[in-house]
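Okay, structure first, notes after.
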Amino acid sequence: MAGGRCELEKLLANHCAPVFCHKKASNLVAARRELLEALPEVLAGSSISWMKLCGCKKYCHILFYDRERLERYLKREEHQNFLGGHGYAGRTLEEQLTLLAERYESYQKHGSAFPHEIGLFLEYPLADIEGFIEHQGKDALESGYWKVYGDVEQARAAFRLYDELKAALTTMLAAGVSFRECCAAQAAA
């Protein structure tokens, strides 16, 4: 289990640092299925939740999320309007995540339409999600953690922050600092 825990912590530091440091609502990670066994130990005492969006024999796609931040982000009027247009109106966060998981798994396993609304759950700016849909993923003004069609400077600032958090967590982990202490130190910074 200790090897799985260490591997999972490195994966989360590399791909979910902004979430565990409470600077982003959520991130999606592909992880080897056996790493799920280490989740209770890694997440013990954390306010971060998780949901499996899709799984196959070897890998799972897991959404790690900061419930309070995600709920606040999704409750914005323009976000509610967008989600309502995609069948999420009047649903609790759990029901929304369940619907997202169904759609994501259907896309992954059956080639159904990609659920672009996942961008809101990942705290991407609505203008960038709508721009991506309109331009079919082409002609972005900038590309980083997502494709940017709106405020380039705001996106660049977010990309820099995410890179800094990833670097800080991976460096601290490599130096022997516990994952919880890494996250707590960066969240307070």
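The values are calculated or read from the model by the stated rules, or taken from the named source; none is laboratory data. Computed from a predicted model, the values in this text were never measured in an experiment. A quick note on method: Cβ atoms are made from the backbone with ideal geometry, for glycine too, and the neighbour counts reach across all protein chains shown.
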- State whether one or more residues within the stretch 132-142 are under 19 Å from the mean Cα position of the chain (by Cα) and within 22 Å of Val19 (Cα to Cα). no
- So Glu105, is it among the acidic types (Asp, Glu) and over 27 Å from Phe159 (Cα atoms): yes
- Query: Are any residues in the stretch 93-139 charged (D, E, K, R), without any contact (Cβ under 8 Å) to a residue 40 or more places away in the chain and not in a helix (DSSP H, G or I), and if so, which ones?
  - Reply: Glu117, Lys138, Asp139
- Query: Out of the stretch 81-92, which residues are surrounded by fewer than 18 Cβ atoms within 10 Å (Cβ to Cβ) and either touching a Phe, Trp or Tyr at 6+ places or on another chain (Cβ under 9 Å) or not in a helix (DSSP H, G or I) (or both)?
  - Reply: Gly85, His86, Gly87, Ala89, Gly90, Arg91, Thr92
- Which listed residue, of Arg33, Arg67, is closer than 21 Å to Glu95 by Cα and not small (Gly, Ala, Ser): Arg67
- Which residue out of Glu142, Glu105 is surrounded by fewer than 19 Cβ atoms within 10 Å (Cβ to Cβ), touching a strand residue (DSSP E or B) at 6+ places or on another chain (Cβ under 7 Å) and modelled with pLDDT under 95? Glu105
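The rows are residues; the columns are (1) out of contact with any Leu (no Cβ under 7 Å at 6 or more places or on another chain); (2) among the hydrophobic types (A, V, I, L, M, F, W, C).
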position	(1), (2)
Asp128	yes, no
Gly131	yes, no
Leu141	yes, yes
Trp146	yes, yes
Val152	no, yes
Ala168	yes, yes
Met172	yes, yes
Arg180	yes, no
- Query: Just checking, how many residues over the stretch 108-135 are on the phi > 0 side of the Ramachandran plot and at pLDDT 95 or above?
  - Reply: 1
- Item | Failed condition for Gly55, given (1) without any contact (Cβ under 8 Å) to a residue 12 or more places away in the chain; (2) within 20 Å of Tyr104 (Cβ to Cβ); (3) of a type in the set (Gly, Ala, Ser) | (1)
- Would you be able to tell me the number of residues in the stretch 101-147 that are more than 18 Å from Leu28 (Cα to Cα) and among the β-branched types (Val, Ile, Thr)? 1
